[in-house]
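Each value in this text was obtained by applying a stated rule to the coordinates, not by laboratory testing. Just so we're clear, the structure is a prediction, and the values are computed from it rather than from any experiment. Ideal geometry is used to build each Cβ from the backbone, glycine not excepted, and the neighbour counts take in all protein chains shown.
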Protein chains: 4
Amino acid sequence: MNSFTLTVTCLSTRGVVAAISGYLAREGCNISDSTQFDDRETGRFFMRISFLSEQGRTLEDLDAGFAAVAAPLSMDYSFHDEAARMKVVLMVSRFGHCLNDLLYRWRIGALPIDIVAVISNHLDYQKVVVNHDIPFHYIRVTKENKAAAEARQLAVVEEIGAELIVLARYMQVLSDDMCTRMSGRIINIHHSFLPSFKGANPYKQAYERGVKLIGATAHYVTADLDEGPIIEQDTVRVTHAQSAADYVSLGRDVESQVLARAIHAHIHRRVFLNGNKTVVFPAGPGAYASKRMG
Amino acid sequence: MNSFTLTVTCLSTRGVVAAISGYLAREGCNISDSTQFDDRETGRFFMRISFLSEQGRTLEDLDAGFAAVAAPLSMDYSFHDEAARMKVVLMVSRFGHCLNDLLYRWRIGALPIDIVAVISNHLDYQKVVVNHDIPFHYIRVTKENKAAAEARQLAVVEEIGAELIVLARYMQVLSDDMCTRMSGRIINIHHSFLPSFKGANPYKQAYERGVKLIGATAHYVTADLDEGPIIEQDTVRVTHAQSAADYVSLGRDVESQVLARAIHAHIHRRVFLNGNKTVVFPAGPGAYASKRMG
Amino acid sequence: MNSFTLTVTCLSTRGVVAAISGYLAREGCNISDSTQFDDRETGRFFMRISFLSEQGRTLEDLDAGFAAVAAPLSMDYSFHDEAARMKVVLMVSRFGHCLNDLLYRWRIGALPIDIVAVISNHLDYQKVVVNHDIPFHYIRVTKENKAAAEARQLAVVEEIGAELIVLARYMQVLSDDMCTRMSGRIINIHHSFLPSFKGANPYKQAYERGVKLIGATAHYVTADLDEGPIIEQDTVRVTHAQSAADYVSLGRDVESQVLARAIHAHIHRRVFLNGNKTVVFPAGPGAYASKRMG
Amino acid sequence: MNSFTLTVTCLSTRGVVAAISGYLAREGCNISDSTQFDDRETGRFFMRISFLSEQGRTLEDLDAGFAAVAAPLSMDYSFHDEAARMKVVLMVSRFGHCLNDLLYRWRIGALPIDIVAVISNHLDYQKVVVNHDIPFHYIRVTKENKAAAEARQLAVVEEIGAELIVLARYMQVLSDDMCTRMSGRIINIHHSFLPSFKGANPYKQAYERGVKLIGATAHYVTADLDEGPIIEQDTVRVTHAQSAADYVSLGRDVESQVLARAIHAHIHRRVFLNGNKTVVFPAGPGAYASKRMG
């Protein structure tokens, strides 16, 4: 008996919930969780449903059969097997705390993903990655080879069929082309509470402005730097007694957690793009649990 | 065109969402928000649906027609008009911050309730209540007149047909009988992070234990003191440099907010009793907005 | 036996703490609380000391005698009587939640200030202010009379000898001249987490950017709009399900609290200007306690 | 030029700050940070001072010379070299997240300690510890060998001269004797917001009580289980939609951080025992900064 997730977006219309839930009932599926959002401003409808297929319908059956339900309401939809692990490529430069954190969560099963590769423009984390039996790709990036380097990165992603790229403090700007190609499939962690302190050295900017909280922002990457749809943010208190170097340390925890929460939401299909914003549904029962102790 | 809310609880069964949403679609209702929870441990299903009745069905029509849908699945359900304001009685003793906070939220429309009466065993807030044009009932409580006093309190509640009693720092223990009679309809604010520091003087207890956070808990009142189902909690940081008297001050904000959030959830039918626990669904779009500025 | 506070800033030099504490010991004063900060970047030293004058020295005695200690180290210093209440003028426009909150805290003694006047460019809160027996000054502001209106405001402030102006959601921009004249003595609450969303309609800006936390910032007012030294900030979580109108409601609590905390710090002489930043020392024992219950 | 820290406790007396700072000034020391606390209830005085010895006085010089200052006021005091790293023994059972987190912070210099040994009653983390070039001691504990096992643990601690034991989710109860012997030098992380949910399985207890926040508590270990002086606590929000297994996952981050913050405070001599409570001074400038990137 399989657990599946269905995500749907369409124009908000009377009868849409009945159409979807009626279909699932007819196909012998038992809904275990569902959330919806109607954007009053745009008239868009968003829905995420978890269900058990109690009478043996497969993902393919359900997907094929749903076409007739979706067509009249022009639904965008997709079915997912909850047991399938998303293939993820991590990219990192020289700050390793997010990488370390994600590897740990992956190792103990708290982030049920397949880390299919780590790409870095530095060699600092080659050993730690290799010790986790994950392929490590050292792709140096210079002013001169930027396009070629990116082609190699994309090749890695596409050969493995990775569905998500996570920029875990990867400090090179991606080209517009790559951003467009992987739209909604690259998550970046920015070390400030956006839209404050875009660009380089946000902790130094924060220190100089004298803010009383610093923060971190996980967002989808778009061609417009630090302007992509925000998935998750959080803040942490600082005082006059902390220097910019202290901020870097204090920011590590909040960066790691904000990024991990954003990935968790993405892989559970809880995040929907809504123009330049996101809809993020809360986690369902059991979504955080992991089997291993460490 | 009216906005209604439907709440349903029953055993979790295949087809329940389809049954409910199918009915609403047939009756010309457009679902604008819905959330559900399946308790895996108990097998109970909880659902809250907001919808617009676009073809003129009244609350009475919908309620009557739903009986046939509800019966086969043994649903407990009720329909509510979102424009109707719940009748609420506030009870207060000598600490006035929650009362002041609730009166303000009510005044500016942030808590869309009807405060039909304030009952107090002291006279401290008679003037402020009367200035808000709310009936004030001074019901003195002593060891000797406890039962009689409570009978008078109940008389106030029942004559007005109040649906909710809020103990806004009311410092008398209610009788088992009253707790049972008003089960799920009395909300209390306790000035600690329950289950820590039950009973009297929780801030002093907290100070003596040397905790680093103090808190507040809003819960439904049951015969078992400070043990009722928790609706909302929050905490605030303290240090060694604060005394128990400081805690009292620092606790005011968190008490006021926790209580206001619990009432907000209750009046929007977002809280469900689930044994000795609660299910609290998140607020729908626009639920916090108020028209007035102050 | 009186409680006094001494604040000192000077260049960081060896012996400065000994000089200060030695003086206080010789004058029969018992230090009950002290905090210091050495800004490594600028070399500035900041100190706040609370003490009891156990042998009868008055504020004037101490102030006069300290000159000889302060001179060699070029200290800026001032002594304050902890029992003296700072004279404060509140200014408000049409949003009344901060005003309501401050009046309440003042009423119960949680903010030990003298509210000597409320100035407004609207009449909305005349009645509530008058009912608190506080002089209300209605000073209309239009494009044409801006300078004259400000002159009247300043006249109110100067006649009463007010030491602090609090802009409790006062929506008119003050002139550069007034900002300079009252430098470090005007506190404003801005309804965003600065430096994000400066200027008008920050909640709408926040909604459009799709942030996951909204915030509030209390800062000293300078000629450079929304750029003054930040005293206190805080944030509160929002989701896709809240509209800009919901933000306005959710922001009320955080605005009120951030402003109250900033005023609390200022009146207890815990805030120091440090260029365009602030040093904010933590509250000493008993600083939050208030005698009244509501 | 060395950075030292001086900690002092004594009865609160007039002149104590002058005596301490006067001594340091005479010895050519420049105070860079200082905080004090006067406990009004007990009359105890607590002070922590950071300073630079600008004229070459060594720790030994200063310590010897201070005796004459300390004696008349019966001060307990100690001088510490800020460059010296505290020797720490970690103990762990089967949950590895705190261990992983502490190893990472140690590795990048964010926790400037010497981890001189890891002791475990299980073999799960032998490999990870050994890969960090830290001695791993597998000391099995059974009902029968408890005393012998503890003797071996103490032997490890004492042979290396460890100054602190950290119970990083070590699930065996220590004997009264060991608790007394290492009083104020064993820090435990308990996975609840104490005093709620003492003893075994706090997440299950929390789930059953239906709390809306879960938490973690770092405290000094005493013979009285889960009753020792609290150093640090924090909480994280949960909803009805999370199971006890989810709590375990959500609790990992808060446990790891609370423990790391408590250790950070302890090793910087910011924590003082005050009866069954603690005084925890805020971190000084630069205290969080670390040189390495990951």
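Model label sites at C:HIS122 and A:ARG209, defined 7 Å from Cα along the beta-carbon direction, differ in position by 2.8 nm.
Summing +1 for each Lys or Arg and -1 for each Asp or Glu among the other residues whose beta-carbon sits under 9 angstrom from that of C:ALA110 gives +4. Angle, helix A:59-70 long axis vs. longest principal axis of chain A, Cα atoms, 0 to 90°, nearest 10? Roughly 70 degrees between the two axes.
Here the Debye sum runs over all C-alpha atoms of segment B:51-94 as equal scatterers in vacuum, and log10 of I(q)/I(0) at q = 0.15, 0.16, 0.18, 0.26 Å⁻¹ comes out as -0.55, -0.60, -0.68, -1.02.
What does the C-alpha gyration tensor say about the overall shape of segment A:251-294? Classify as rounded when a/c is under 1.5, otherwise prolate if a/b is larger than b/c, or oblate. Note, shape of segment A:251-294 comes out oblate.
For A:ALA287, no residue 5 or more places off, or on another chain, has a built amide H under 5 Å of its own. Segment A:239-294 and segment B:147-189 have Cα centres separated by 43 Å.
Placing R0 at 30 angstrom, the Cβ-Cβ distance between D:ALA68 and D:SER3 gives a FRET efficiency of 0.80 after rounding to 0.05.
What the phi angles of segment A:83-92 give under the Karplus curve with 6.51, -1.76 and 1.60, with θ = phi - 60°, is a coupling list of 7, 6, 9, 5, 7, 10, 10, 9, 10, 8 Hz, glycine and proline written as x. Here the 3J(HN,Hα) profile of segment B:17-22, calculated from phi with Karplus coefficients 6.51, -1.76 and 1.60 at θ = phi - 60°, is 5, 4, 4, 5, 6, x Hz, Gly and Pro shown as x.
Per-residue Karplus couplings for segment C:179-192, computed as 6.51 cos²θ - 1.76 cosθ + 1.60 with θ equal to phi - 60°, are listed in order as 4, 5, 4, 9, 3, x, 10, 10, 10, 10, 10, 9, 8, 7 Hz, Gly and Pro entered as x. Centre-to-centre separation between the Cα atoms of segment B:21-65 and those of segment D:26-96: 66 Å. Simple spin-label estimate for D:ASN201 and A:ARG140 gives 5.8 nm between the two label positions (7 Å along the Cα-to-Cβ direction from each Cα).
Using a 7 Å projection from Cα along Cα-to-Cβ, the label point at B:GLY28 is separated from the same position in the remaining copies by 3.9, 8.9, 9.5 nm, smallest value first.
Placing unit charges on the Cβ atoms only, positive for Lys and Arg and negative for Asp and Glu, gives the protein assembly as shown a dipole magnitude near 0 debye about its Cα centre.
Evaluated over chain B, the count of Lys pairs having alpha-carbon atoms less than 29 Å apart is 16 (only pairs 8 or more residues apart or interchain).
Taken along the Cα-to-beta-carbon direction at a fixed 7 Å, the label points for C:ALA155 and A:ASP76 span 6.2 nm. The order of A:MET91, B:MET75, going from fewest to most other C-beta atoms within 10 Å of their C-beta, is B:MET75, A:MET91.
With a Förster radius of 45 Å, plug the Cβ-Cβ distance of B:THR58 and A:HIS132 into 1/(1 + (r/R0)^6) and report the FRET value to the nearest 0.05.
Numbers: r = 63 Å, r/R0 = 1.39.
Computed FRET efficiency for B:THR58 and A:HIS132 comes out at 0.10.
Projecting the Cα positions of B:ILE165, B:TRP106, B:THR239 onto the charge dipole of segment B:86-280 (unit charges on Cβ atoms of Lys, Arg, Asp and Glu, taken about the Cα centre) puts B:THR239 furthest along the positive direction. Using a/c under 1.5 as the rounded threshold, could you call segment C:2-81 rounded, prolate or oblate? The axes a ≥ b ≥ c are square roots of the C-alpha gyration tensor eigenvalues, and prolate needs a/b larger than b/c, oblate otherwise. Since a/c reaches 1.5 and a/b is larger than b/c, the shape of segment C:2-81 is classed as prolate. Here is the list for segment D:51-106: GluC sites (Glu not before Pro) lying in DSSP coil, each with at most 13 other C-beta atoms within 10 angstrom of its C-beta, are D:GLU54. Projecting 7 Å from Cα along the Cα-to-Cβ direction, the label point of D:ARG94 sits 4.3, 5.3, 6.4 nm from its equivalents in the other copies, listed shortest first. A dipole drawn for segment B:2-81 from +1 and -1 charges on Cβ atoms has a positive end, and of B:SER53, B:THR13, B:SER32 the residue lying farthest that way is B:THR13. Each copy carries a label point for A:ARG209 at 7 Å from Cα toward Cβ; from one copy, the others' points are 0.7, 3.9, 4.0 nm away, ordered from shortest.
In terms of its C-alpha gyration tensor, segment B:86-280 has a rounded overall shape, because the principal axis ratio a/c (a ≥ b ≥ c, square roots of the eigenvalues) stays below 1.5.
Sequence gap at least 6, Cα distance under 8 Å: using those rules, report the relative contact order of chain D to the nearest whole percent.
This gives 15 percent for chain D.
Evaluated with a Cβ-only charge set (Lys, Arg +1; Asp, Glu -1), segment C:86-280 carries a dipole of roughly 300 debye about its Cα centre, given to the nearest 20.
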